[in-house]
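The values are calculated or read from the model by the stated rules, or taken from the named source; none is laboratory data. What you see is a predicted model, and the numbers here were worked out from it, not measured in a lab. Reconstructed Cβ throughout: ideal geometry from the backbone, glycine too, with neighbour counts over all protein chains shown. Note: areas computed on protein heavy atoms with side chains; ligands, DNA, RNA excluded. Shrake-Rupley method; radii C 1.70, N 1.55, O 1.52, S 1.80 Å.
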Amino acid sequence: MPFKIWSSFLSEQDRVLYEQNVRLLLRNLPLFTLANFLGYIICTLVFVNAFSLGLHLIFGISMLLGSITIFVVIPNRETLFTEDRERGVRRLVLAYILVIAWWAVYFSTAMKYADVLRMQQFSALITMLSSIAVILVGRFTRLFTLCFCVAVAYIVYRYLNMHDESFRFLAVQILLTALAQLYFLRTLNEQIAIALYVKDENSGLVEALQNKNEALEQANYSQSRYLSAASHDLRQPLHALALLANDAQRKNTNLQLSETLQKMEQAIDSLSLSFNAMLNLSRLDAGVVKPQFTRFPIQRLFTRLMVEYADMAQQKNLSFKIHPSQAWVLSDEGMLYSILGNFVSNALRYTDKGGVLIGVRHDAGQALKIMVYDTGSGVPSEKAKQIFQEYQRLEAAEQRVKGGVGLGLAISERMARLLGARLLVKSIPEQGSCFGLMVPKVLAQEDVLADSAPIQDVLAGKRVAIIDDDEMALESLNELLSSWGMEVSIILSSDMLVESIAEEGDFDLVISDYHLGMAHETGLDILAEAQKIQKIPPRRLLMTGDTRTELAAEAQTLGVSVWYKPLRPVRFRAYLNTMLNRTGETIDI
């Protein structure tokens, strides 16, 4: 029963928005207290000669104690935010009553000593304070209205009982002002209630959005793990198949089988490209690929492009030229290389005569354009945007070119978006095309033109250690490297690596898979061990089907280059020559 009595001071809306209204009340209480204290100071000046010194001291001390109480006690959240809502409401009611009671006592005292002029000043002050109260602490409409009406009724009653006609005029003024303030109170609280409802609704939406984002992040994480697992499981047999096909082609002496084996290699190569493209697109869409921005010379990418695609251009009797550049850029080196590689690959694939040219154009601002020109079939203007969508190929290209599923440019577009780089496309049908992108340039840190020298074949005689838990892939890789004149040692553990180095000397190159079927040792562990025990640190390559971003970051930290399976022999040979010719940074392929 007591609960219902106290709760009756709050309307249904006040009970629903109790905590929000209390927060507003607590936030405004210091300002409301200050307004009351200033009001008391003004009243003291008005009634300085009417009240005795003792009365001034009593009112002043009581006002000071009340202000301290409000400043110290009321802002404590536990005063009004209590598990027992009834107790909080009771304290709220008592606080309103105490404020009204103090001013009622002061008003009653003033009525004994004051004249009409002083009471007019007092009424104006009370009207101002009540307006401030409506704005600052009038959040609980029913409770505030009740207290407000009691105070106004008391003032009007006292004024009407005075014999002077001027007091009756003051009573009418107070009454009309009070009605206007009550209307304002109602309107203000309705607007505040609407704002609080909207805030609560928005908070719910924000919370739902956060939950949704967490669910999406978890889904992306699960998808990333699934893609990594699927990548490793699918790349491994494809890697072995590519090695076996190359081994059969190399050992074949039957001219009738030669063409069949060559087509088999082309089919495997096409399958490898398509698989890599689909997996990369899935990883980009899943949001698991994040750019790592660094400063590097663009010439380093040009050298890698020349190494990888020169043979492809030679096979088609196309010219392939790259203008050297000393420019440095700020970007993700791996992503930028993938984008340019897609441009160059498409240019060579869809060009039958003429050639391909790569160069840099400097923009007027702090950017440069990396351009890939070709003399191929060109792209109609209406198809310029379409070719950046998934599985899109031009009809003429579909008739002439075999292999690929039309994902290269879609991947380039997504990577460029991550890098914040603007793609550039210009083409004239039957004359050629120009694909490029604009990236930010930075100050050069060293002369890099020396790196543009042709790469020599230096594999013959180099000592290489290979580690893999797949015996078939291990044996095929052994025969492939041996056919290039390299001295190959098959290693099964880090202990065996230590023994081999101690007995036969340092290796020039150590190649290891990541997953070796051993619980206590991975490929990175063996590569790290090779770095420690050799007098001259070897070049180290992690050849893996595990495409996790965390693994690539760990390898980069250790200074280990990464090659993602499956292996393409021509490209791999060029890559090894690049590694052993230069002492540059690690490269991921």
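How big is the convex hull of the Cα atoms of the stretch 12-161, per residue, in Å³?
Numbers: hull volume 15.3 nm³, N = 150.
Measuring per residue, one finds 102 Å³ for the Cα hull of the stretch 12-161.
Taking amide H positions as placed 1.01 Å from N in the peptide plane, with prolines and chain starts having none, which residues 5 or more places from residue 462, or on another chain, fall under 5 Å of its amide H?
Counting only residues 5 or more places away or on other chains, the set is 487.
Could you give me the ³J(HN,Hα) list for the stretch 345-358, computed from phi with Karplus coefficients 6.51, -1.76, 1.60 and θ = phi - 60°, whole Hz, x at Gly and Pro?
4, 5, 4, 5, 5, 9, 10, 9, 8, x, x, 10, 10, 10
Could you give the accessible area per residue of the stretch 463-581, probe 1.4 Å, as a whole number in Å²? Present the calculation step by step, with values, prior to reporting the outcome.
Details: 4880 Å² over 119 residues.
For the stretch 463-581, the solvent-accessible area averages 41 Å² per residue.
Give a residue-ordered list of calculated ³J(HN,Hα) values for the stretch 484-492 (Karplus: 6.51 cos²θ - 1.76 cosθ + 1.60, θ = phi - 60°; whole Hz; x for Gly, Pro).
3J(HN,Hα) across the stretch 484-492, in whole Hz: 8, x, 8, 8, 9, 10, 8, 10, 10.
In the structure displayed, which of 212/290; 321/565; 321/353; 263/316 lie more than 18 Å apart, Cα to Cα?
Too far apart for the 18 Å limit: 212/290; 321/565.
Net charge near residue 495: determine it from the other residues with C-beta under 10 Å of the C-beta of residue 495, scoring Lys and Arg +1 and Asp and Glu -1. Working shown, then result.
On the way: positive: none; negative: 499, 521, 529.
Local charge sum for residue 495: -3.
Long-range amide H contacts for residue 506: which residues qualify at under 5 Å (H placed 1.01 Å from N, peptide plane, sequence gap of 5 or more or a different chain)?
For residue 506, no residues qualify.
Based on the mean of other beta carbon atoms within 10 Å per residue, what is the order of 158-166, 368-376, 96-104, 327-335, most packed first?
On the way: 158-166: 13.3, 368-376: 22.4, 96-104: 16.7, 327-335: 20.3.
Order by mean packing, descending: 368-376, 327-335, 96-104, 158-166.
Cβ under 9 Å from residue 438's Cβ, residue 438 left aside: what net charge do those residues give with Lys, Arg +1 and Asp, Glu -1? Mind dumping the intermediate values first?
Working: positive: 369, 422; negative: 363.
So the surrounding residues net to +1.
Could you order the peptides 250-258, 425-433 from most to least packed, using the average number of other C-beta atoms within 10 Å per residue?
425-433, 250-258
Please report the net charge: other residues with Cβ closer than 15 Å to the Cβ of residue 31, K and R +1, D and E -1.
Values: positive: 23, 27, 139; negative: none.
It works out to a net charge of +3.
Quick one: which residues, 5 or more positions from residue 561 or on another chain, have an amide H under 5 Å from its amide H? H modelled 1.01 Å from N in the peptide plane, none for Pro or chain starts.
The answer is 540, 542, 587.
Can you order the peptides 205-211, 187-193 by their average number of other Cβ atoms within 10 Å per residue, highest first?
So the peptides 205-211, 187-193, ranked by packing, come out 187-193, 205-211.
If the convex hull of the alpha-carbon atoms of the stretch 463-581 is projected onto planes in all directions, what is the mean projected area in square nanometres?
Orientation-averaged projected area of the Cα hull: 7.0 nm².
Can you run phi through the Karplus equation (6.51, -1.76, 1.60; θ = phi - 60°) for the stretch 528-533 and list ³J(HN,Hα) in whole Hz, with x for Gly and Pro?
Once θ is set to phi - 60°, the couplings for the stretch 528-533 become 5, 5, 4, 5, 6, 8 Hz.
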